[in-house]
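First the structure, in the form of structure tokens, and then the observations on it.
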Amino acid sequence: MQIGLVTTPDHVRIAYSVQGDGPPLVFVRGWFSHLELLWDDPLFRAYFEALAQHFTVTRFDMRGNGLSDNRVPKIDLAGMVVDLQTVIASLGAQKVVLYGQCFGGPAAIA
């Protein structure tokens with residue numbers, strides 16, 4: 001798994017990872033995430049490897065989590081939406097499928 005970094009307009013570095021082939025799917029995780037640690041979980045990994053057989057799956061750690069900048073002024077829905085928008089923009093895709101889990105759902109909806 002390779003980790004990339006993008007920088008939001010408010011200067012927060014966001015870590016992301018891309019696996020698979022097919023239409024782009026962006027996984028929007030809830031409050032807590034860590035790209036490497038979650039990938040080490042066999043059940044989590046198997047689920048996303050199965051998704052990656054049909055989609056190009058992008059996962060990312062929102063601000064304040066995992067491998068992304070964790071010293072940020074505040075964590076709120078607006079910032080989570082900026083993180084998501086920045087990751088999507090880095091993909092260069094016209095359309096993506098959003099898969100919002102837990103508190104990632106409101107960010108995906110917004």
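Take every DSSP beta bridge with both residues inside the chain and express the antiparallel ones as a percent of the total, to the nearest 5.
55
Using unit Cβ charges (K, R positive; D, E negative) and no other charged atoms, how large, in debye to the nearest 20, is the dipole of the chain about its Cα centre?
200
Length gain on complete extension for the stretch Asp40 to Val97, per 0.36 nm per residue less the alpha carbon to alpha carbon distance?
Extra length available between Asp40 and Val97 comes to 18.1 nm.
Compare Thr58, Thr86 by solvent-accessible area with a 1.4 Å probe and give them largest first, with all protein chains kept in place.
Order by accessible area, largest first: Thr86, Thr58.
How far is the Cα center of region 1-50 from the Cα center of region 54-110, in Å?
9
Along the charge dipole of the chain, pointing to its positive end and built from +1/-1 on Cβ of Lys, Arg, Asp and Glu, which listed residue (Thr58, Leu5, Met80) has its Cα farthest out?
Value: Met80.
Relative to the first principal axis of the alpha-carbon coordinates of the chain, what is the inclination of helix 77-91, with its axis defined by its Cα atoms, in degrees from 0 to 90 and to the nearest 10?
Relative to the chain, helix 77-91 is tipped by roughly 50 degrees.
To the nearest µm²/s, what D does Stokes-Einstein give for the chain at 20 °C and 1.002 mPa s, using the Kirkwood radius over alpha carbon pairs as Rh?
Translational diffusion coefficient: 156 µm²/s.
Relative to 2.2 N^0.38 Å, what does the C-alpha radius of gyration of region 13-68 come to as a ratio? Two decimals please.
1.07
Pairs of alpha-carbon atoms within less than 8 angstrom and 6+ residues apart define the contacts here; what relative contact order does the chain have, in percent?
Relative contact order here is 36 percent.
Within the accessible area of the chain, what % is carbon and sulfur when the probe is 1.4 Å and the other protein chains stay in place?
57
The values are calculated or read from the model by the stated rules, or taken from the named source; none is laboratory data. Keep in mind it's a predicted model, so treat the numbers as computed, not measured. Cβ coordinates were reconstructed from backbone atoms using ideal geometry, including for glycine residues, and neighbour counts include every protein chain displayed. Ligands, DNA and RNA are stripped out before the accessible areas are found, and what is left, the full protein with its side chains, is counted by its heavy atoms. Shrake-Rupley method; radii C 1.70, N 1.55, O 1.52, S 1.80 Å.
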